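Input: a single structure, listed below in structure tokens.
The values are calculated or read from the model by the stated rules, or taken from the named source; none is laboratory data. What you see is a predicted model; the values in this text were computed from it and never measured. Heads up, the Cβs are rebuilt from the backbone with ideal geometry, glycines too, and the neighbour counts pull from every protein chain shown.
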Ligand code: CFN
Ligand code: HCA
């Protein structure tokens with residue numbers, strides 16, 4: 001059947017029409033069409049999903065136990081709760097970790113108190129104490145972390161005092177996280193609970209003399225599909241030393257002395273920006289927003305890092321490594337670009353990848369037509385304005401290394417060490433640009449997308465690829481459109497850095513160009529639907 005052509009606003013009206021008036025008004029505020037001529041592009045985000053709509057979001061426990069704590073290798077992580085929640089903690093998120101020589105690695109285990117009805121009625125504290133004792137006797141860990149699932153908060157088991165007692169009894173670090181799943185509106189609440197506890201009770205509890213020239217912390221990188229391995233490889237090749245990783249391929253032990261680093265790199269802004277800011281306030285360590293997803297973003301990040309340390313030798317080595325790595329991938333990547341040019345993508349991922357992957361797609365000729373976060377906050381969409389709070393005294397202006405661009409509020413610093421110390425007290429080194437800023441006119445930003453909206457938008461815009469999690473992957477496949485999971489990478493990866501970008505392009509080719517899609521009859525072939533064109537307005 002022939003489809004009728006429609007502009008993007010008309011398509012969105014059609015998507016919203018199925019809702020009752022109140023829900024329609026609510027959902028409308030979570031959707032935005034990029035228009036660079038508009039002075040204000042505001043979107044509603046980080047609010048409670050309308051009851052009745054099945055959200056793709058996760059819970060606070062997922063954000064705390066699964067996302068932030070999950071990758072820490074040397075920690076016995078005891079889930080205090082029913083076994084179902086514990087099963088979820090058993091490698092579901094595909095983070096990876098390699099133990100250092102002599103180091104411990106518990107991430108393939110799942111530790112649970114296996115709460116039963118009787119524990120809910122009579123309390124589960126005794127069981128938790130026994131679980132800690134057993135874990136100490138069998139595994140001898142230096143750190144134990146206890147995470148609470150929903151029933152723990154409901155019955156009031158005091159995991160904090162149990163952790164404190166255990167710490168005294170066994171002489172190791174024992175931490176408790178009150179991350180009951182129902183807290184907050186998404187997994188984002190769990191990131192905060194995990195990170196605040198880590199900041200208060202783990203960072204800085206150990207001093208260590210480091211013989212590193214460029215000690216850095218990697219923040220908001222979780223080693224999905226081995227991304228952190230690839231990032232670490234590139235950083236080491238240039239001459240950086242990762243003091244601690246929060247938390248991909250990381251250890252609690254390293255986090256204990258992570259205050260010894262000189263610079264914090266922030267990959268996933270959503271899950272960790274506030275910790276980078278706390279480091280800055282508490283220890284005077286500045287942070288730099290980086291993105292190692294995509295060749296162009298990786299190059300820019302590496303150059304910004306070298307600029308920060310203001311060492312010509314480091315800058316030279318950075319350029320050498322960039323050239324070496326590029327030489328290995330540029331020709332095949334360009335060939336993929338020729339193959340893909342004109343194709344479009346629909347991205348819906350948690351809180352930062354829907355943004356970060358847009359440049360990955362762009363480099364291989366694929367334009368993003370819709371992008372959304374499950375649980376991003378407004379600053380993840382709109383960016384956050386940090387106006388340089390610097391008084392440009394005559395003295396400052398005379399410092400040749402200092403560069404501040406005030407108009408578009410983006411500023412980079414190339415400063416002397418002495419000046420650095422003075423300035424870092426006053427402002428962070430970078431600001432966060434937000435996803436919408438980088439999107440093309442006519443493309444759609446959508447928050448907390450649901451399956452109805454996914455299906456309607458897919459029918460209308462017919463993207464060549466839909467990037468998803470496991471919950472929405474097959475909705476797309478049933479419509480005959482290849483879906484790539486950007487959470488788990490569908491068991492592939494790494495996708496970060498230079499080689500990762502090529503791996504990604506290869507996987508996309510294997511998916512999009514696969515002839516099997518032609519055997520599926522999509523719904524729009526059987527009924528009339530609205531059809532739109534990207535950038536149509
Ligand atoms: S690894 Fe990260 S990059 S931490 Fe966050 S916001 Fe999740 S687990 Mo899934 S893939 Fe996703 Fe981001 Fe940061 Fe992962 S886009 S939803 S909570 N996320
Ligand atoms: C989470 C973890 C998750 C889920 C991915 C998915 C991940 O939110 O609890 O829904 O496919 O990356 O593993 O985001």
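If I go through the stretch 61-102 residue by residue, how many of them are within 17 Å of residue 148 (Cα to Cα), assigned to a loop (DSSP other than H, G, I, E, B) and within 12 Å of ligand 1 (Cβ to nearest atom)?
Matching residues across the stretch 61-102 total 1.
Hey, could you check the stretch 253-284 for residues that are within 16 Å of the chain's Cα centre (by Cα) and part of a helix (DSSP H, G or I) and say which is surrounded by the fewest Cβ atoms within 10 Å (Cβ to Cβ)? Working first, answer last.
Going residue by residue through the stretch 253-284, those that are within 16 Å of the chain's Cα centre (by Cα) are 264-276.
If we keep only those that are part of a helix (DSSP H, G or I) too, we end up with 269-276.
Details: 269: 28, 270: 23, 271: 29, 272: 28, 273: 23, 274: 14, 275: 25, 276: 25.
My answer is 274.
For the stretch 491-504, name all the residues that are more than 11 Å from residue 93 (Cα to Cα) and either within 12 Å of ligand 2 (Cβ to nearest atom) or in contact (Cβ under 8 Å) with a residue 24 or more places away in the chain (or both).
Looking only at the stretch 491-504, we keep the residues that are more than 11 Å from residue 93 (Cα to Cα), and these are 492-504.
Answer for the stretch 491-504, where residues must be more than 11 Å from residue 93 (Cα to Cα) and either within 12 Å of ligand 2 (Cβ to nearest atom) or in contact (Cβ under 8 Å) with a residue 24 or more places away in the chain (or both): 492, 493, 494, 495, 496, 497, 498, 499, 500, 501, 502, 504.
Test of understanding: among 144, 159, 193, which residue is within 16 Å of ligand 2 (Cβ to nearest atom) and buried (at least 20 other Cβ atoms within 10 Å of the Cβ)? Walk me through how you get there before you give the answer.
Numbers: 144 fails: within 16 Å of ligand 2 (Cβ to nearest atom); 159 fails: within 16 Å of ligand 2 (Cβ to nearest atom).
Just a single option satisfies the conditions, and that option is 193.
Going by the conditions given, is residue 469 within 14 Å of ligand 1 (Cβ to nearest atom), surrounded by fewer than 22 Cβ atoms within 10 Å (Cβ to Cβ) and either on the phi > 0 side of the Ramachandran plot or at pLDDT 95 or above (or both)? Break it down stepwise before answering.
On the way: within 14 Å of ligand 1 (Cβ to nearest atom): yes; surrounded by fewer than 22 Cβ atoms within 10 Å (Cβ to Cβ): yes; either on the phi > 0 side of the Ramachandran plot or at pLDDT 95 or above (or both): yes.
Against the criterion (within 14 Å of ligand 1 (Cβ to nearest atom), surrounded by fewer than 22 Cβ atoms within 10 Å (Cβ to Cβ) and either on the phi > 0 side of the Ramachandran plot or at pLDDT 95 or above (or both)), residue 469 qualifies.
Where residues in the stretch 31-60 are assigned to a loop (DSSP other than H, G, I, E, B), crowded, with 20+ Cβ neighbours inside 10 Å and more than 16 Å from ligand 1 (Cβ to nearest atom), which of them is nearest to the chain's Cα centre (by Cα)?
Here the answer is 43.
If only one of 360, 321, 369 is more than 20 Å from the chain's Cα centre (by Cα), crowded, with 24+ Cβ neighbours inside 10 Å, away from ligand 2 (no atom under 16 Å from the Cβ) and not in a loop (DSSP other than H, G, I, E, B), which one is it?
Numbers: 360 fails: more than 20 Å from the chain's Cα centre (by Cα); 321 fails: crowded, with 24+ Cβ neighbours inside 10 Å.
Answer to the check: 369.
Just the residues that are within 25 Å of residue 365 (Cα to Cα) and surrounded by fewer than 20 Cβ atoms within 10 Å (Cβ to Cβ), please, taken from the stretch 302-311. I'd like the intermediate steps shown before the answer.
Of the residues in the stretch 302-311, the ones within 25 Å of residue 365 (Cα to Cα) are 302-303.
Residue satisfying the conditions is 303 alone.
In this structure, does residue 219 turn out to be within 15 Å of ligand 1 (Cβ to nearest atom), under 24 Å from residue 266 (Cα atoms) and either in contact (Cβ under 8 Å) with a residue 40 or more places away in the chain or part of a loop (DSSP other than H, G, I, E, B) (or both)?
On the way: within 15 Å of ligand 1 (Cβ to nearest atom): yes; under 24 Å from residue 266 (Cα atoms): yes; either in contact (Cβ under 8 Å) with a residue 40 or more places away in the chain or part of a loop (DSSP other than H, G, I, E, B) (or both): yes.
Against the criterion (within 15 Å of ligand 1 (Cβ to nearest atom), under 24 Å from residue 266 (Cα atoms) and either in contact (Cβ under 8 Å) with a residue 40 or more places away in the chain or part of a loop (DSSP other than H, G, I, E, B) (or both)), residue 219 qualifies.
Can you confirm whether residue 531 is over 16 Å from residue 349 (Cβ atoms) and over 18 Å from the mean Cα position of the chain (by Cα)? Spell out how you get there, then give the answer.
Values: over 16 Å from residue 349 (Cβ atoms): yes; over 18 Å from the mean Cα position of the chain (by Cα): yes.
Answer is yes for this residue.
Conditions tested, residue by residue: (1) part of a loop (DSSP other than H, G, I, E, B); (2) at pLDDT 95 or above.
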{"position": "487", "(1), (2)": "yes, yes"}
{"position": "502", "(1), (2)": "no, yes"}
{"position": "505", "(1), (2)": "no, yes"}
{"position": "511", "(1), (2)": "no, yes"}
{"position": "516", "(1), (2)": "no, no"}
{"position": "527", "(1), (2)": "yes, no"}
{"position": "531", "(1), (2)": "no, no"}
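Let's see how each residue does on (1) within 16 Å of ligand 1 (Cβ to nearest atom); (2) at positive phi; (3) over 14 Å from the mean Cα position of the chain (by Cα); (4) surrounded by fewer than 22 Cβ atoms within 10 Å (Cβ to Cβ):
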position	(1), (2), (3), (4)
207	no, no, yes, yes
211	no, no, yes, yes
223	yes, yes, no, no
239	no, yes, yes, yes
242	no, no, yes, no
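How many residues does the stretch 166-188 contain that are surrounded by fewer than 15 Cβ atoms within 10 Å (Cβ to Cβ) and in contact with a helix residue (DSSP H, G or I) (Cβ under 8 Å, 6 or more places away or on another chain)? Can you show your working first?
Just the residues of the stretch 166-188 that are surrounded by fewer than 15 Cβ atoms within 10 Å (Cβ to Cβ), to begin with: 168-169, 171, 182.
Now narrow it down to the ones that are in contact with a helix residue (DSSP H, G or I) (Cβ under 8 Å, 6 or more places away or on another chain): 182.
Qualifying residue count, the stretch 166-188: 1.
I need every pair where a residue in the stretch 168-197 that is under 20 Å from residue 279 (Cα atoms) has its Cβ under 9 Å from the Cβ of a residue that is in a strand (DSSP E or B) and modelled with pLDDT under 95, sequence separation at least 6 or different chains.
Taking only residues 6 or more apart or on different chains, not a single pair turns up.
Evaluate the stretch 4-20: report whether one residue or more is in a strand (DSSP E or B), within 22 Å of the chain's Cα centre (by Cα) and touching a residue at least 60 places away in the same chain (Cβ under 8 Å). Write out each step before concluding.
Kept after step one, since they are in a strand (DSSP E or B), are these residues of the stretch 4-20: 4-6.
Still in the running and within 22 Å of the chain's Cα centre (by Cα): none.
Scanning the stretch 4-20, I find no residue that is in a strand (DSSP E or B), within 22 Å of the chain's Cα centre (by Cα) and touching a residue at least 60 places away in the same chain (Cβ under 8 Å), so the answer is no.
Does the stretch 341-352 contain any residue that is out of contact with any strand residue (DSSP E or B) (no Cβ under 7 Å at 6 or more places or on another chain), under 30 Å from residue 194 (Cα atoms) and part of a helix (DSSP H, G or I)?
No, the stretch 341-352 has no match at all.
For the structure I just gave you, tell me whether residue 246 is in a helix (DSSP H, G or I), under 22 Å from the mean Cα position of the chain (by Cα) and either within 30 Å of residue 381 (Cβ to Cβ) or within 16 Å of ligand 1 (Cβ to nearest atom) (or both). Working first, answer last.
Numbers: in a helix (DSSP H, G or I): no; under 22 Å from the mean Cα position of the chain (by Cα): yes; either within 30 Å of residue 381 (Cβ to Cβ) or within 16 Å of ligand 1 (Cβ to nearest atom) (or both): yes.
The answer is no for residue 246.
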